[in-house]
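The values are calculated or read from the model by the stated rules, or taken from the named source; none is laboratory data. No experiment lies behind these values; they were computed from the predicted model shown. Positions of Cβ are backbone-derived with ideal geometry, glycine not excepted, and every protein chain shown enters the neighbour counts.
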Amino acid sequence: MNKITTFLFSVMLIPLLQACGGESVADEKTRLTIATVNNGDMVVMQDLSRKFEAENPDIELRWVVLEENILRQRTTTDVASQGGQFDVLTIGSYETPIWAKRGWLKPLDNLPAEYDVDDLIDPVREGLSHEGSLYALPFYAESSMLYYRQDLFEKAGITMAANPTYGEVEEWASKVHDPANGVYGMCLRGKPGWGENMAFLTTLVNTNGGRWFDMDWQPQLDTPEWESAVTFYVNILNEYGPPGASSNGFNENLALFSTGKCGMWIDATVAAGLLSNPEGSQVADKVGFAPAPVESYPNGSNWLWAWSLAIPETSRSPEEAQRFITWATSKEYIQMVADESGWVGVPPGTRTSTYENPNYQEVAPFAKTVLNSIESADVERPSPLPTPYKGIQYVDIPEFQAIGTQVGQQMAEALADKVSVDKAIEKSQNVAERFMRHTGYIEDEASEQAKNEVEQ
Amino acid sequence: MKTNNKKSNQWLIGLLGWLVACILFFPIFWMFITSFKTEAMAVATPPQLFFKPTLENYVAVQERAAYFNFAWNSVIISVGATILALLLAVPAAYAMSFFPSKRTKSTLLWMLSTKMLPSVGVLVPIYILGRETGLLDTRIGLIIIYTLINLPIVVWMIYSFFKEVPKEILEADRMDGASTYQEVAYVLLPLALPGIASTALLSIILSWNEAFWSLNLTTFDAAPLTAFIASFSSPQGLFWAKLSAASTMAIAPILIFGWISQKQLVRGLTFGAVK
């Protein structure tokens, strides 16, 4: 026993002492710690960043790759408590304006002329700005669109409309639905989460004429617009959806569609490239593309999201960090990806020049639909009714993550037939009201009464 | 007839045992075989049991992340935290089991109650403390946190093992003139060794698998295997096979370690169960 203990201690002691001693300063390189998400385009960026390091020998890049939700929690903790652990953050359109407002991000006002900031697609740029200043550079952007199986549509004698409506979509779903042969008319997100089922559902509510909050931040979920949207969603998935739809997210639907199990699917435009690639998709030559369907109000039926690179206020090397983020979001970077792995693989949705490039147009039959979807996304006016918030598939307040996810759980329960649509909406409205009262957006009835009494 | 009944009962219990073991092991088995599939095969419906295995995921995982850095951090942190916890817990448990005071019972309960606090509730204060002391993203920082997290369980376990040691033995060596150190080191610890060993094993396993603090307090230098796995999970794109390969690589060391020490672990956990 004694020998073992002594051995263990000595084994432990060396690295412990090393850990105590801290880093040895062997070189004068600036270390940039980059927090990013794990997805195809980011993996390519990691690979190509070796070129950046070769061009900038004074900079060493250190990657922290995390799953989206963990990354959000991790980076929020760090910037909110000024931990200073990161130099570059990968954040979305949701966080950028909120964080910019709180002074957590460095404004990017002095970008070099060759970066050509005017080439960035307008709605994307607007989404990443706060009070006229840009706070993050878009790495790739997406909207939502409708994917359908051209072969099945042809067989059923359906012609895809230039601007399909949800009424038409339901009819088409009934025609191509063929569960006996393993084809389901409609695939949609069902997995609960503010960025999962609620991303799609919010666009459906928008186009039905609904909104999350009125101008006094009073939740508007118990309205006819929400009811008709949710009823439509639950019905179409129950009748023409794949079994177990309430646990399907983007990945699951991508797997279903690419193995020929879905007649239609409405989701992120980023799936277009994946579905067209014969290496991962069995329906690469059969997939058709159309704009996201609309109902009564066309705005807000297709979302907008941009994964972007930002520099936190606490970064120790902001100048080098800016050098990196301008490199990774530049035209030259897009050209580099094209040279390495072909035009179909370039990060989409950020620059007009990408869509004007004939090489890209040739390999990406979906390019025009994607560009139109992104350009028509209206972050300022997601609903026909006035809203106190910005954002199409989200509301740009920090509380939305929690509210959206809880409402998403109610919707998933309604979809799984555990509660009725009415009950789910009622509960959701209560959840949203409670959150908004607790966070002080709307007055608590009790405190209002107390205030009145004091005044009297 | 009776023996027949007994035999068939034993057979039934054996079968039940195997069934439960198979159900418990199935997810690990599935993860293991998925790690040898291509991404397309990994999501194929119906799931494929027989396929041509490939090592491409392991190669891809190793190319994208330095596995051994993460694994080394996991080893240092979990072993370090366990040693530190034992160093603190053995004297505490000794005092509590052999010289109990009026408040010993409630102290023990209070210690356990700290485990009931959700970790996220103290994330920001601990993060700020880490920032002030410069312990963010250091192995020492994580060792301290893990020691504190596991301390209640470690003290409780060692306390219960010490309780099993007859007081008379300790009294006898005190009569022989043993000092407290000699009493603990030469009499008590050897007697409670199986218990201490299983406590240490449990503490290592708990530290190895802990994901909340390791993900939140580390970035690059001190990131253990939990951070390694988290980097392969993705809501957009197909990464199941790579994620399975990463997970297999992350759990392999602790699984092998568990298998080797299985006997010790079971002996320790059932130590004193039958009087």
Residue tally, condition surrounded by 13 or more Cβ atoms within 10 Å (Cβ to Cβ) and either at the interface with chain A (Cβ under 10 Å from one of its Cβ atoms) or touching a Gly at 6+ places or on another chain (Cβ under 8 Å) (or both), over region B:29-85: 19
Options B:Leu12, B:Leu112; residue that is out of contact with any helix residue (DSSP H, G or I) (no Cβ under 9 Å at 6 or more places or on another chain), surrounded by fewer than 19 Cβ atoms within 10 Å (Cβ to Cβ) and either under 30 Å from B:Thr180 (Cβ atoms) or of a type outside the set (D, E, K, R) (or both): B:Leu12
Any hit, region A:146-154, residues being in a loop (DSSP other than H, G, I, E, B) and either in contact with a helix residue (DSSP H, G or I) (Cβ under 6 Å, 6 or more places away or on another chain) or under 20 Å from A:Asn238 (Cβ atoms) (or both): no
Residue that is surrounded by the most Cβ atoms within 10 Å (Cβ to Cβ) [pool: residues in region A:27-46 that are more than 19 Å from the chain's Cα centre (by Cα) and not β-branched (Val, Ile, Thr)]: A:Leu32
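Listed here are the residues, each with its yes/no results for (1) of a type in the set (D, E, K, R); (2) touching a Ser or Thr at 6+ places or on another chain (Cβ under 9 Å); (3) touching a residue at least 12 places away in the same chain (Cβ under 8 Å).
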{"position": "A:Phe153", "(1), (2), (3)": "no, yes, yes"}
{"position": "A:Ile158", "(1), (2), (3)": "no, no, yes"}
{"position": "A:Pro164", "(1), (2), (3)": "no, no, yes"}
{"position": "A:Glu170", "(1), (2), (3)": "yes, no, yes"}
{"position": "A:Val176", "(1), (2), (3)": "no, no, yes"}
{"position": "A:Pro179", "(1), (2), (3)": "no, no, no"}
{"position": "A:Gly193", "(1), (2), (3)": "no, yes, yes"}
Verdict on A:Ile121 being at the interface with another protein chain (Cβ under 9 Å from one of its Cβ atoms) and hydrophobic (A, V, I, L, M, F, W, C): no
Residues within region A:285-301 that are of a type in the set (D, E, K, R) and more than 16 Å from A:Ser376 (Cα to Cα), tallied: 2
Residues that are over 30 Å from A:Pro278 (Cα atoms), assigned to a helix (DSSP H, G or I) and either within 14 Å of chain B (Cβ to nearest Cβ) or not hydroxyl-bearing (Ser, Thr, Tyr) (or both), drawn from region A:211-237: A:Pro224, A:Glu225, A:Trp226, A:Glu227, A:Ala229, A:Val230, A:Phe232, A:Val234, A:Asn235
Residue list for region B:38-64, restricted to those being without any contact (Cβ under 8 Å) to a residue 24 or more places away in the chain, over 20 Å from A:Gln282 (Cα atoms) and among the hydrophobic types (A, V, I, L, M, F, W, C): B:Leu49, B:Phe50, B:Leu55, B:Val59
Subset of region A:238-263 [in contact with a Ser or Thr (Cβ under 8 Å, 6 or more places away or on another chain), over 17 Å from A:Glu170 (Cα atoms) and either more than 14 Å from every other protein chain (Cβ to nearest Cβ) or of a type in the set (Val, Ile, Thr) (or both)]: A:Thr259
Counted residues, region A:77-111 - those being surrounded by 15 or more Cβ atoms within 10 Å (Cβ to Cβ), touching a strand residue (DSSP E or B) at 6+ places or on another chain (Cβ under 8 Å) and either without any contact (Cβ under 8 Å) to a residue 40 or more places away in the chain or not assigned by TED's automatic domain parsing to the domain that holds A:Pro318 (or both): 2
Residue match in region A:112-120 (condition: touching a residue at least 12 places away in the same chain (Cβ under 8 Å), assigned by TED's automatic domain parsing to the domain that holds A:Thr269, surrounded by fewer than 22 Cβ atoms within 10 Å (Cβ to Cβ) and of a type in the set (A, V, I, L, M)): no
Evaluation of B:Ala252 against (1) surrounded by fewer than 19 Cβ atoms within 10 Å (Cβ to Cβ); (2) closer than 30 Å to A:Glu279 by Cβ; (3) in contact with a strand residue (DSSP E or B) (Cβ under 6 Å, 6 or more places away or on another chain) (one fails), failing number: (3)
Candidate set: region A:308-327, residues that are small (Gly, Ala, Ser) and part of a strand (DSSP E or B); chosen: the one farthest from A:Phe86 (Cα to Cα): A:Ser308
Leading residue by the ranking (surrounded by the fewest Cβ atoms within 10 Å (Cβ to Cβ)) among those in region A:47-74 that are within 9 Å of chain B (Cβ to nearest Cβ) and modelled with pLDDT of 90 or more: A:Arg62
Qualifying position, being more than 17 Å from the chain's Cα centre (by Cα), assigned by TED's automatic domain parsing to the domain that holds A:Gln393 and at positive phi, among A:Gly193, A:Gly167, A:Gly157: A:Gly157
Of all residues making up region B:15-38, the number that are more than 16 Å from B:Met249 (Cα to Cα) and out of contact with any helix residue (DSSP H, G or I) (no Cβ under 7 Å at 6 or more places or on another chain): 12
Total residues in region A:300-318, condition surrounded by fewer than 24 Cβ atoms within 10 Å (Cβ to Cβ) and farther than 16 Å from A:Leu134 by Cα: 4
In region B:210-224, residue nearest to the other protein chains (Cβ to nearest Cβ) [restricted to those that are in a loop (DSSP other than H, G, I, E, B) and surrounded by 18 or more Cβ atoms within 10 Å (Cβ to Cβ)]: B:Thr219
Sole residue being under 23 Å from A:Arg434 (Cα atoms), touching a residue at least 12 places away in the same chain (Cβ under 8 Å) and not basic (Lys, Arg), chosen from A:Phe213, A:Phe250, A:Phe200, A:Phe232: A:Phe213
Flag if B:Ser207 is modelled with pLDDT of 90 or more, more than 30 Å from A:Gly84 (Cβ to Cβ) and buried (at least 21 other Cβ atoms within 10 Å of the Cβ): no
2 or more residues over 19 Å from B:Ser261 (Cβ atoms), more than 14 Å from every other protein chain (Cβ to nearest Cβ) and of a type in the set (Asp, Glu): qualifying helices (runs of 4 or more DSSP H) within region B:106-209: B:167-175
B:Lys102 being modelled with pLDDT under 95, in contact with a helix residue (DSSP H, G or I) (Cβ under 7 Å, 6 or more places away or on another chain) and among the charged types (D, E, K, R): no
Members of region B:163-192 found to be of a type in the set (D, E, K, R) and surrounded by fewer than 14 Cβ atoms within 10 Å (Cβ to Cβ), listed by number: B:Lys167, B:Glu168, B:Glu171, B:Asp176
